[in-house]
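Working notes for the structure below.
The values are calculated or read from the model by the stated rules, or taken from the named source; none is laboratory data. For clarity, every value in this text was computed on a predicted model and none was experimentally measured. In this analysis, Cβ positions are derived from the backbone assuming ideal geometry, glycine residues included, and neighbour counts consider all displayed protein chains.
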Amino acid sequence: MRFATWTILLCGLSCLPAPAAEPWSTYRGNAQRSGNTDGKAGPAKPGVLWVHKGQDHYIASPVPVGDRLFVSGFSGFNLPTVAVLDTDPKAAKRIAWSKGIPLLKLPTVASPAVSGRRLVFGDGMHQTDGALLHCLSADAGKSLWQLSVPGTLVHLEGSPTIVDGKVYVGGGAAGVICVDLDRVTLDGKEMDVAGVRKVLDKKWAELQAKYEEEKKKDPEFAVPPSEDMLPKPAPVKLWQQGDKKWHVDAPLAVAGGRVLVCSAYLDKEQVGDRALFSLDAVTGKIQWRTPLPLNPWGGPAVQGDLVVVGGSSVSYEPGALKGAKGEVAAFDLASGKEKWRKQVFGGVLGCVALTKELAIATATDGKVRGFDLASGARRFIYDAKTPFFAPAAVVDGVAYAADLKGAVHAIGLSDGKPKWTLDLGKLAAVQAPGAVYAGPVLHGGRLYVATCNMAGEFAGQPTVVVCLGDK
């Protein structure tokens, strides 16, 4: 791929701003965090349609991109990889394209936001400082722009949200940043993405021509060009809020002209502000602040005039779950006032998935709970007997949750009873046990699950991306 000539991108790059309800333009597909956008029911009698095995650890939820699937992970020494997989069960080549070093510098643990033919995602983890926000073309992974966000405890762990041509993303200690999706600057000049693409295409042609000349002179020492050698357009930055005051690792939600932000407090570093904020989407001005007793790692979910947030006394550490405490709480979207709050015997690390009637939360005590969205009354409790880090995907009256031993549970929302359970590691078609950190997603009636073996009882073993569907 690196030897191919650059081609002018399709006309979609200069289209009008993305509509507010564009599927997968935010974490888990929508503000309700359902992990599904097409409304198609998941598999009733699941079978393994395909398996992609490797050594990458998948912390970010997969994201459907048309008939493909975006995944991001990292392997030993924190080497980053993002890839787009062909979802056809009969595909001769599973990986459509992938990117890593040198374009990517740091591990990517955030799902992308999708807008038209573009993928926007950040990089960095808690143990790294400084990060980049990337925008790639979805068809071939060409870099369109990148925003450098320097600073101590700065990392882009939460998925961006794209609304009306604006990208909103949390930056750890950098707070919240808003940039323009379509307008960039290069060498002090402002232009649209289609315009800057022409500049980069020309530069790529020059680099390729130089390489061909060097091959003729001395083929052994000729170095082929890489994308990292191209100029780096940067998106126009519109505003920033909470820099060096908050710690925003969770995905954001945008609803009703508001940006809903969950900020954590880091006990070890003694920095941050543990609270839920509402910001004006245009200016970034703080509209209200509501303090939180526990860190809201999963971020906010929104249904109608309610914002629902989960909380946990522990982070994503399998060895620190004993005695973990959690909660699920609902707040008024307009004022931030508490509507209800429920304590949970286990940390709620993933986001809470919402329907019109229910709030569905997974927890580290191995249970999936359904709460009445209006009152907070518990409607069901399902015991998987294995801790959950990942949030559930919800569609057509069923929640799909995957636990830290790689078992996938389909749970009826009317009564909390199991529809089916699959242990991925024990399936003959998979044979690769692994923990699930990233929420499964549903698309086209298929369920996609990815595993992570960087810690716990399966540490160091191969990981998988699995596609489950009716056979």
Residue count for region 144-189, restricted to those that are among the acidic types (Asp, Glu) and modelled with pLDDT under 95: 1
Return the residue satisfying two criteria in turn: it lies in region 73-91 and is of a type in the set (Gly, Ala, Ser) and at pLDDT 95 or above, and of such residues it is nearest to the chain's Cα centre (by Cα). Ala83
State whether the residues of region 121-133 include one that is among the charged types (D, E, K, R) and in a loop (DSSP other than H, G, I, E, B). yes
Of the conditions (1) in contact with a helix residue (DSSP H, G or I) (Cβ under 9 Å, 6 or more places away or on another chain); (2) more than 20 Å from Lys339 (Cα to Cα), Gly299 clears all except one; give me its number. (2)
Which ones in region 256-276 are hydrophobic (A, V, I, L, M, F, W, C) and touching an Asp or Glu at 6+ places or on another chain (Cβ under 9 Å)? Val259, Cys262, Ala264
Tell me which residues, restricted to region 364-411, are within 24 Å of Gly39 (Cα to Cα), within 19 Å of the chain's Cα centre (by Cα) and not in a strand (DSSP E or B). Ala390, Pro391, Ala392, Asp403
Verdict on Gly347 being in contact with an Asp or Glu (Cβ under 9 Å, 6 or more places away or on another chain), outside any strand (DSSP E or B) and crowded, with 17+ Cβ neighbours inside 10 Å: yes
Tell me, which residue of region 27-72 that is among the basic types (Lys, Arg) and assigned to a loop (DSSP other than H, G, I, E, B) is surrounded by the most Cβ atoms within 10 Å (Cβ to Cβ)? Arg33
Out of all the residues in region 134-152, which are in contact with an Asp or Glu (Cβ under 8 Å, 6 or more places away or on another chain) and either polar (S, T, N, Q) or buried (at least 21 other Cβ atoms within 10 Å of the Cβ) (or both)? His134, Lys142, Ser143, Thr152
Qualifying positions in region 313-354 - more than 19 Å from the chain's Cα centre (by Cα) and closer than 16 Å to Ala264 by Cα: Ser313, Val314, Lys325, Gly326, Glu327, Val328, Ala329, Gly347
Only one of Lys245, Lys268, Lys237 is without any contact (Cβ under 8 Å) to a residue 60 or more places away in the chain and charged (D, E, K, R), namely Lys268
How about region 78-94: which of its residues are assigned to a strand (DSSP E or B) and farther than 17 Å from Phe121 by Cβ? Asp86
One residue is enough: does region 414-422 have a residue meeting the conditions aromatic (Phe, Trp, Tyr) and either outside any strand (DSSP E or B) or surrounded by 24 or more Cβ atoms within 10 Å (Cβ to Cβ) (or both)? no
Every listed condition ((1) of a type in the set (Phe, Trp, Tyr); (2) within 23 Å of the chain's Cα centre (by Cα); (3) closer than 26 Å to Ser137 by Cβ) holds for Trp204 save (2)
If you take the residues in region 99-133 that are polar (S, T, N, Q) and touching a Leu at 6+ places or on another chain (Cβ under 9 Å), which one is surrounded by the fewest Cβ atoms within 10 Å (Cβ to Cβ)? Thr128
